[in-house]
Amino acid sequence: MSISTLIMNVLQTDIKFIPGVGPKKAEILNKEIDVFTLGDLLRWYPYRYVDRSRMYYVHEIDGSMPYIQLKGHITTFETFGEGRKKRLVAHFTDGTGFVDLVWFQGISFIESKYKVNQEYVVFGKPSIFGNKWNIPHPEMDTYMTEADRPDGLMAMYNTTEKMKNHYLNSKAMQKIIENGLGMIKERLPESLSDDVIKSANVIPFHDAIENIHFPKNPILLRDAEFRLKFEELFYIQLNIVRYMSDRKGKLNGFIFTKVGEYLHSFYEKHLPFQLTEAQKRVIREIRQDAASGEQMNRLLQGDVGSGKTLVALMCMLIALDNGFQSCLMAPTEILASQHFETFAKMLSDMNVNVALLTGSTKKKEREAIHAGLLSGEIHILIGTHALIEDVVQFNNLGFVVIDEQHRFGVAQRAKLWSKNNQPPHVLVMTATPIPRTLAMTVYGDLDVSIIDELPPGRKPVQTLHRFDKKRGAMYQFIREQIQLGRQIYIVYPLIEESEKIDLQNLEDGHKQIQKIFPEFTVVKMHGRMKPAEKEEVMQEFVANKAQIMVSTTVIEVGVNVPNASVMVIESAQRFGLSQLHQLRGRVGRGAEQSYCVLITPYELSQDTRRRMEIMTESNDGFVIAEADLKLRGPGDLEGTQQSGVAFSLRIADLVRDNAILFRAREIAEELIEKDPKLEQSEHKVLKQQLSRLSGNRYDWGRIG
Ligand code: ADP
Ligand code: MG
């Protein structure tokens, strides 16, 4: 056996054999953090480091400190509360001020272990409570001499509640990682090829792993971080780049050579307004793709109201000019039927056959549509996911549009590819702009087009933040707006786990609003209603027979009622930034000044207050998306969950590490250009790593 296979075997050691772990803890680690082998454990990277060589004074404490060390003594103990609410407080001082050390668990143990008036080194995270600094559940050491105090940078590990209950806190994780490293007798084999290591200028894998857990000094820590972040991003990019080059070599695309009668007569006679420059540019980009002989996979990003639908429609006419059918898939029935109506209206005097297929299309009509698609009589099909069912077969599908793509699963989208003997061109549209770094990672194999311009004459929506105790003035404002002829949305959050309570909130809200506005018609809408009921309510609202719509977020996506000018969002703190922006996009679609009112309780977390500020300050979807990414991290952004990216990133951060990301992409591109199939012997290690990684990860390729 060669040395390197021996080491591979060490990394594959079941964690239960690591000193200090055992079967019980191993099970917890398996379940909680997916750590099964020593190799997995070593890739459970610290999330921060604490400088244990620095001692702080109480009077230095401020709100921005993560972890600190203090040296001093306890003056008195006090207990508060009863039963599960009981807490123990130790008043602690170092002569420069007081902090409270607080315990909620293990109280009797703590009381018996620590004594008043004895020197301790206290280590923990200060927070403020009722005007006083406190440190909950600090680490306590009896005072040590300078010599045996832990010094340098100490790694801190994320742990879950369950792990903590089984004594697997950060310190314990550090200990078992130390024991695990102790089992490794040889240097770890490289996980990157030599040429990549050289281009990226990174330190060896072995040194990176050691220093990420036990940094010898800050410089080595930085190098270790760089190496591991690079590696993580590099493999994602390598996979995408390899797939792209593969696809371009293999898949032919339908060729749309001409612009013909359909597009011409639409452009000349039916287009109700001038295209914006951005719309023109995007249509040009799509035409270039569709004439190239390669299959198009393009992501169209454009803020709410930027006119993506029209772009889709015009591209479909180009497809039709070239003898191809098209389809448009929307995430909800409301949206699909709105698109259908828009298309039908815009194409009304033209000889274009448009059909609508949703879950609630009647059997007879459905069969007629199926037949019309097969014969080629229907040119454009609009629908919900009903249109990906196997029974839906086309005569010659050439162009597919997917609206609000983050709502669809990858598998659903991939199904559309097989609706012709060669995959159709695919355009996915989203109003949730994705920052470039994220797009490169999540949608890395898609080309991106951006509409960065709103149609002329739009007034930016004015956004206000109001506390829920002060609704009176807002109701007055709503009344005035309705008297001016406008319409109002009031949205309540809906979170699935507590759907019942939320629906109750909606019902109560509806009753209350109707009581406040007896002179107006108030309708309500939620996801549990039958499609026909929703449609009926929508029609009533569109026709301005109802002035106020009380709704859950079912109206979030796409709905277009230009006369609606006020969007009130109840419990706005429960929504993410991109969702708030989407909701706000339902107003401001007409010529009138529109408003969005965010209602929250007075007490808000810092993050939430920041979110409300961003909303009131900016109307720009890209700014909001960047802010969202910074505030929440990519894990919570819509679209990242299904792709699995968020879960696979262990150390790299798509916001902070974008320079590393761009470099990783470059190196991956150079490499694939030289060795597209990774066949050279020095690239064997890359191929192995890729297949190991894609084994437990989402298949990056099939995003389109
Ligand atoms: P979104 O990009 O959010 O899907 P839509 O396609 O629904 O936006 O367009 C929003 C509104 O703007 C629609 O009422 C549409 O008719 C209108 N619109 C689209 N393009 C233009 C344009 N170039 N000039 C004026 N209005 C436009
Ligand atoms: Mg739209």
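A compact table of results
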quantity: q = 0.20, 0.24, 0.30 Å⁻¹, the range 174-219: log10 I(q)/I(0) [Debye, one scatterer per Cα]; calculated: -0.74, -0.93, -1.12
quantity: Kirkwood-based shape ratio for the range 155-248, expressed as Rg/Rh from alpha carbons; calculated: 1.08
quantity: Residues of type lysines that Lys345 reaches as a straight line, Cα spacing below 19 Å, ignoring anything fewer than 8 places off in the same chain; calculated: Lys269, Lys308
quantity: Quarter of the Cα convex hull surface for the range 462-618, i.e. its orientation-mean projected area (nm²); calculated: 8.9
quantity: For Phe254, residues with placed amide H under 5 Å, excluding near neighbours; calculated: His425
quantity: Karplus (6.51, -1.76, 1.60) ³J(HN,Hα), θ = phi - 60°, over the range 507-515, in Hz, Gly and Pro reported as x; calculated: 4, 4, x, 4, 4, 5, 5, 4, 5
quantity: In degrees, nearest ten, helix 531-542 long axis to first principal axis of the chain (Cα); calculated: 70
quantity: Helix axis angle, 170-182 relative to the chain longest principal axis, alpha carbon, degrees; calculated: 80
quantity: Rounded tilt (10° steps) of 658-674 against the dominant C-alpha axis of the chain; calculated: 70
quantity: Mean separation of Cα contacts under 8 Å (6+ apart) over length of the range 55-111, as relative contact order %; calculated: 30
quantity: Relative frequency of Cα-Cα separations exceeding 23 Å in the range 7-100, percent; calculated: 57
quantity: 15 Å cut-off, amide nitrogen to a point 7 angstrom out along Glu603 Cα→Cβ, residues in the range 450-474; calculated: 468-469
quantity: The range 300-345: C-alpha gyration tensor shape, a/c 1.5 cut-off, then a/b vs b/c; calculated: oblate
quantity: Per-q log10 I(q)/I(0), the range 53-149, q = 0.20, 0.21, 0.25 Å⁻¹ (Debye; single scatterer per alpha-carbon; no solvent); calculated: -0.99, -1.09, -1.47
quantity: For the range 53-149, accessible area per residue (1.4 Å probe, heavy atoms of protein chains only), Å²; calculated: 59
quantity: Inter-probe distance in nm under a simple model that places probes 7 Å from Cα toward Cβ, at Asp653 and Lys364; calculated: 6.2
quantity: Surface share of carbon and sulfur [accessible, 1.4 angstrom probe, percent] for the range 462-618; calculated: 49
quantity: Net lengthening on full extension, Asp14/Glu666 (0.36 nm per residue, minus Cα-Cα); calculated: 231.1 nm
quantity: Ratio of Rg to Rh over the chain (Cα coordinates, Kirkwood Rh, two decimals); calculated: 1.02
quantity: 5 Å-binned pair-distance histogram of the range 313-373 (Cα, whole percent); calculated: 4, 16, 25, 27, 21, 7, 1
quantity: Mean Cβ neighbour count within 10 Å, used as a protection proxy, ranking 543-554, 388-399, 76-87 highest first; calculated: 543-554, 388-399, 76-87
quantity: Karplus 3J(HN,Hα) series, Hz, for the range 581-589 with 6.51 cos²θ - 1.76 cosθ + 1.60 (x for Gly, Pro); calculated: 5, 4, 4, 4, x, 6, 10, x, 9
quantity: At R0 = 41 Å, FRET efficiency that the Cβ-Cβ distance of Val259 and Lys687 yields, to 0.05; calculated: 0.40
quantity: Solvent-accessible area, 1.4 Å probe, carbon plus sulfur percent, for the range 53-149; calculated: 52
quantity: Partners for Lys530 among aspartates and glutamates (Cα-Cα distance below 15 Å; same-chain residues under 8 apart left out); calculated: Glu333
quantity: Derived scalar couplings ³J(HN,Hα) [the range 298-310; Karplus, 6.51 cos²θ - 1.76 cosθ + 1.60; whole Hz; x for Gly, Pro]; calculated: 10, 9, 10, 9, x, 4, 3, x, 7, x, 6, 4, 5
quantity: Spacing of the two label points (7 Å from each Cα toward its C-beta) at Ala473 and Ser64, in nm; calculated: 3.3
quantity: Cross-link pairs beyond the 24 Å C-alpha cut-off, checked among Lys71/Lys171; Lys24/Lys175; Lys31/Lys85; calculated: Lys31/Lys85
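The values are calculated or read from the model by the stated rules, or taken from the named source; none is laboratory data. Values in this document were obtained by computation on a predicted structure and should not be read as measured data. Using ideal geometry, Cβ is built from the backbone for each residue, glycine included, and neighbour counts are taken over all protein chains shown. Quick note on the areas: whole protein, heavy atoms, side chains included, nothing else; ligands and nucleic acids left out. Shrake-Rupley method; radii C 1.70, N 1.55, O 1.52, S 1.80 Å.
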